[in-house]
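Below is one structure, written out as structure tokens; comments come after it.
The values are calculated or read from the model by the stated rules, or taken from the named source; none is laboratory data. Since the model is a prediction, treat every value here as computed from it, not as a measurement. Here Cβ is always computed from backbone atoms with ideal geometry, including for glycine, and neighbour counts include all displayed protein chains.
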Amino acid sequence: MINHHPDTRLLNEYSSGTLPLAQSVCLSLHLNYCEQCRRTHQRLQQLGSALFEELSPQQVDDSLLRTVMARLDDEQEPLRYQSSGNGGETDARPPLVQRLMHGDYEDLDWRNLSKKVRVSRLRTGDVDNEFALYRISAGASIPKHTHRGTELTLVLEGGFSDEQGHYEVGDFIMRDAEQQHTPTATQDRDCICIGVLDAPIRFTDWKYRAVNPFLKLQAS
Ligand SMILES: [Zn+2]
């Protein structure tokens with residue numbers, strides 16, 4: 001049961017293609033789990049194309065046309081929502097995650113943030129936004145932290161709670177800059193979630209502050 005969704009502004013930016021790539025990937029993954037947002041996304045796309053049809057045609061010169069055609073030829077398969085072909089909601093790992101991971105969770109290069117929290121960065125091609133998997137051992141917490149920008153989170157396995165609520169597989173959470181929180185995994189199993197940050201994370205507990213330069217190094 002999905003209880004936490006992206007807001008309409010974010011869905012609208014996703015549907016119109018203006019969301020940064022890493023955030024767009026995170027939102028695509030939520031669509032794998034959430035029929036309600038898939039429907040909204042479809043409606044926004046239909047609305048967008050109806051508005052596009054109403055635009056009056058513009059004259060373009062040959063060089064612009066050639067540039068556009070060349071870019072279409074170069075275009076790689078975009079990192080967008082893909083149906084898993086079996087209804088989506090029962091699939092443990094959406095196809096997009098499998099594509100970014102190139103293997104299993106165990107094959108990734110995990111770094112310890114603490115004894116019970118590990119992080120593995122994945123490449124999306126977006127240089128401005130960090131896209132990473134966080135693995136929190138059952139019952140453990142990510143140290144209290146703030147971030148300078150937006151933090152998007154999507155739960156892939158298990159679940160966690162923070163000061164604002166409880167989140168399970170497929171739930172999408174957006175935190176603004178300076179909102180402090182301490183995510184804690186449920187007691188029964190490890191939690192794996194995706195975190196997308198548009199500015200480096202900052203731990204507010206003194207004992208974790210030494211980790212901050214490491215994270216900035218990782219983000220560069
Ligand atoms: Zn949703």
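Summary table below
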quantity: Filter pass, Ser56 being assigned to a loop (DSSP other than H, G, I, E, B), of a type in the set (Gly, Ala, Ser), more than 16 Å from the ligand (Cβ to nearest atom) and more than 22 Å from Glu168 (Cα to Cα); calculated: yes
quantity: Test result for Leu44, aliphatic (A, V, I, L, M), away from the ligand (no atom under 16 Å from the Cβ) and farther than 22 Å from Val169 by Cβ; calculated: no
quantity: Residue in the range 1-37 that is nearest to the ligand (Cβ to nearest atom), counting only those that are closer than 18 Å to Arg175 by Cα and of a type in the set (Asp, Glu); calculated: Asp7
quantity: Gly17 being surrounded by fewer than 17 Cβ atoms within 10 Å (Cβ to Cβ) and within 19 Å of the chain's Cα centre (by Cα); calculated: yes
quantity: Out of Gln45, Gln76, sole residue that is of a type in the set (S, T, N, Q), surrounded by 11 or more Cβ atoms within 10 Å (Cβ to Cβ), farther than 25 Å from Gln164 by Cα and modelled with pLDDT under 90; calculated: Gln45
quantity: Any hit, the range 84-91, residues being modelled with pLDDT of 90 or more and either touching a Phe, Trp or Tyr at 6+ places or on another chain (Cβ under 8 Å) or assigned to a loop (DSSP other than H, G, I, E, B) (or both); calculated: no
quantity: Evaluation of Ala70 against (1) free of Cβ contacts under 8 Å to residues at least 60 places away in the same chain; (2) aliphatic (A, V, I, L, M); (3) more than 14 Å from the ligand (Cβ to nearest atom); (4) under 26 Å from Arg121 (Cα atoms) (one fails), failing number; calculated: (4)
